[in-house]
Every structure is written in C-alpha cells, then in structure tokens.
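Step one of this worksheet: look at the structure below.
The values are calculated or read from the model by the stated rules, or taken from the named source; none is laboratory data. What you see is a predicted model; the values in this text were computed from it and never measured. All Cβ positions, glycine included, derive from the backbone under ideal geometry; neighbour counts span all protein chains shown. All accessible areas refer to the heavy atoms of the entire protein, side chains included, with ligands and DNA or RNA removed. Shrake-Rupley method; radii C 1.70, N 1.55, O 1.52, S 1.80 Å.
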Amino acid sequence: MPRQLRWLEVSADFHCNNRCLGCFSVGGENEPAMSSADIVTELRRGRARGATALWLGGGEPTLRRDLAAVVKKARELGYERIKLQTNGMLLAYPEVTARLVAAGVSEVNFAIKGATADTHDRLTRTPGCHELMLKGMVNVAASGLPMAGDILVYRSNLHELVDMVRDYFGRGVTHFNVWAFSASDQGDRDLTAQIPRLTDVAREVTRAMDAGICSDADFITSLHTPPCVVPRSHWACLFHGEALDLWVANPGGYGFFLEASPIEGGHYPANCATCSARSHCGGARRDYLEVFGDDELRALAECPPSPREFPREPRI
C-alpha cells in the first residue's frame, strides 16, 4: 500500500526572475514544465494519498499565469493549507497579492538571502529584488496571511543570520526555516567555498534563538543540521524531513519523498552507527562530507530524545 501523504509539493517548472548564486532554477523554452492539466492531475493524486497541505514551489510560482486557478482548484479538492514559496517580487503589486489571497493561498514563505539589500541582491543576482520583496511582505501582512522566511545560508551571509531573523520578524515574519546551501547539481561550477560548516550554522541558529526575538521555542527550524551539532537545549529547531510525509512532484512525472532528495542528506558516516538519535536524523549531504569530512558528526550516547525535546512534526 502506498505511503500516505500529509504534504504535496508541486514544482511545476523552474522558471525564475532571480538568478540566485548556486540555483539552477532559471528555466528556458526547452526546460520541462507542467501544464495546468498536469498540475491538477498531481493535486488529485496527492489528495487520493491523503495530502491536505500543498506547497507551491518552483522556480518562481508567481510567474505562472495559471497560479490563481491552480490555488482555487486545490481548495476545491480539499487542500486545507496552501503555502506559496516565493521570492516575493511580484507580490509587491497589490493586485497580484489580492488575487492569490482571494483564490485561497493560506500562507506565504519568502526566500530571504540577506539582512540588507546589498547582501540579498548580491546573492539573488537581481538588482532591486530586496526592495520588491519588502513591498511584497507589506502587502501580504496587510492581507492577514501568516508569513515565514526561508533563509538560505551561504558561508558569505551566515554572519547576518541573527540580523535577518530580527529584522524580518519585525516586519511580520513569524517563523524562519534555515536552509544550508548545497553544492549538489552545480555541474562544472565549483561553489564548495559557499558551503557553510554545520557547526557554524548551528552556532548562529542558537544565537538567533537566544536573542530574545520571539518567545516561541520553535520559531526557527534548522534544516540539514543533525542533532549532534546542536546543543540539546536547542533541539526545538531540529528538522527531520521524513516526519512531514511530503511528496515532491516535478515536471515529467518525476516525484520523490522529501527525505530522498540529495540536498536533504541521507548519508551516515561509520561513527553514526551507534547514535541514539539516529532515528531522528536525516544524515548529512554527500557533497558536504566530501568537502569537510565527518569530524563534526559524533554518536550521541544519551537516551533517544523525548517528543517534548524533539519536534516529531517539525514546524515549517
């Protein structure tokens, strides 16, 4: 019997109006893409397997002319949560935001890469992107929808993490997902110098959690950080992709569970074999281990974490 789903993520194409460092989502005329009918087929399949939450990604989903119609159809099919993951540039236009809210978008995740326009626009390689994203946040906040920030940390912007969390929280973003940059699928480009060390990411995440910005213990979710690099006192930030029961649907009928993605991890060095938190850990990325080795990873000897300590259903 097929595994039941809670989340369906649809990446209908990889067209984007950013040119972010290390991202292949640029798209072109010959790139694979789903038609509107293809998307509806995936929506029906997701519901048949139990999914009630929909994550609209890409590429940049707001570039699709059928986006509002897709959202409306998803609502008709019974999706209760519809999350839009976006760079926010087109949401700067009030009529775009209003149309998507009216169609049924229930929450918006903004892709954040810097605390300042200098850093954000440098890493998106799109002048003016930061200003448009901020206008988009104003429009979404005015609509009453909850906002989250998907912060992609490179080695070159990690030092801004606390400032990013503080600044965007003040703009109405109430939850943050910290994603660590991966050099997977980069072809001939060598971007390994941008991969941040796990211990450095964990240090900055714990600093942000301790900065008095929000009273919720789990207001930051740190993806790609194994339990062994995070102090046990801060395990509320941990993430395990398998717990989401999330299926990713890509163009061409290609799909997979989130935890099977190479950018999620899946690799366990020999010293992980006896770790008490193994069942709660998604492992490390192959490209990470090739660059840094496994010195930061260690087996935890204490008893497995209790549900109160470890988020069995990670907040995203």
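What's the carbon and sulfur percent of region 216-277's accessible surface, probe 1.4 angstrom, rounded to a whole number?
On the way: 1270 of 2250 Å².
That share works out to 57 percent.
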Legend entry - Point-to-point label distance, Glu242-Asp218, nm (Cα→Cβ direction, 7 Å offset): 1.8
Inset, instruction - Wrap a convex hull around the Cα atoms of region 132-215, take a quarter of its surface area, and give that in square nanometres. - result: 6.6
Legend entry - Sequence-distant residues sharing a close amide H with Asp150 (under 5 Å, placed H): Phe110, Ala111, Ile112, Asn177
Legend entry - Surface share of carbon and sulfur [accessible, 1.4 angstrom probe, percent] for region 1-79: 51
Inset, instruction - Give the relative contact order (percent, whole number) for region 37-120; include only Cα pairs under 8 Å separated by 6+ residues. - result: 30
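State the extension gain, in nm to one decimal, for the chain segment bounded by Glu95 and Thr52, taking 0.36 nm per residue of separation less the distance between their alpha-carbons. Can you show the working numbers first?
On the way: separation 43, 0.36 × 43 = 15.48 nm, distance 2.72 nm.
Full-extension gain reported as 12.8 nm.
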Inset, instruction - Name the long-range amide H neighbours of His267: under 5 Å, sequence gap of 5 or more, or other chain; modelled H, no Pro or chain starts. - result: Ala284
Legend entry - ³J(HN,Hα), Karplus 6.51/-1.76/1.60, whole Hz, each residue of region 280-292, x for Gly, Pro: 9, 10, x, x, 10, 7, 4, 5, 5, 5, 5, 8, 10
Legend entry - In nm, spacing of pseudo-spin labels at Ser233 and Arg45 (7 Å Cα→C-beta vector): 4.7
Inset, instruction - Take every Cα pair under 8 Å in the chain that's 6+ residues apart, average their separations, divide by the length, and report that relative contact order as a whole percent. - result: 16
Legend entry - Phi to ³J(HN,Hα) by Karplus 6.51 cos²θ - 1.76 cosθ + 1.60 over region 155-169, Hz, x for Gly, Pro: 5, 7, 10, 4, 5, 9, 4, 4, 5, 4, 4, 5, 5, 6, 4
Legend entry - Cys with no candidate disulfide partner in the chain (beta-carbon separation under 4.7 Å rule): Cys16, Cys129, Cys214, Cys228, Cys237, Cys272, Cys275, Cys281, Cys303
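What FRET efficiency, computed as 1/(1 + (r/R0)^6) with R0 = 25 Å and r the Cβ-Cβ distance, is obtained for Thr116 and Arg207, rounded to the nearest 0.05?
Values: r = 18 Å, r/R0 = 0.73.
Efficiency, from the Cβ-Cβ distance: 0.85.
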Inset, instruction - Counting other Cβ atoms within 10 Å, keep those with at most 13, restrict to DSSP loop, and tell me which GluC sites (Glu not before Pro) in region 75-112 are left. - result: Glu80
Inset, instruction - Express the accessible area of the chain per residue in Å², computed with a 1.4 Å probe while the remaining protein chains stay in the model. - result: 44
Legend entry - Lysine pair number, Cα distance threshold 24 Å (strictly under), the chain, separation 8 or more or different chains: 5
Inset, instruction - Pop a pseudo-label 7 angstrom from the Cα along the beta-carbon direction at both Asp295 and Ser36 and give the gap in nm to one decimal. - result: 5.7
Legend entry - Segment Ser276-Ala142, length gained on full extension (0.36 nm per residue, minus Cα span): 43.7 nm
Inset, instruction - Tally up the carbon and sulfur contribution to the accessible surface of region 121-166 as a whole percent, 1.4 Å probe, everything protein left in place. - result: 60
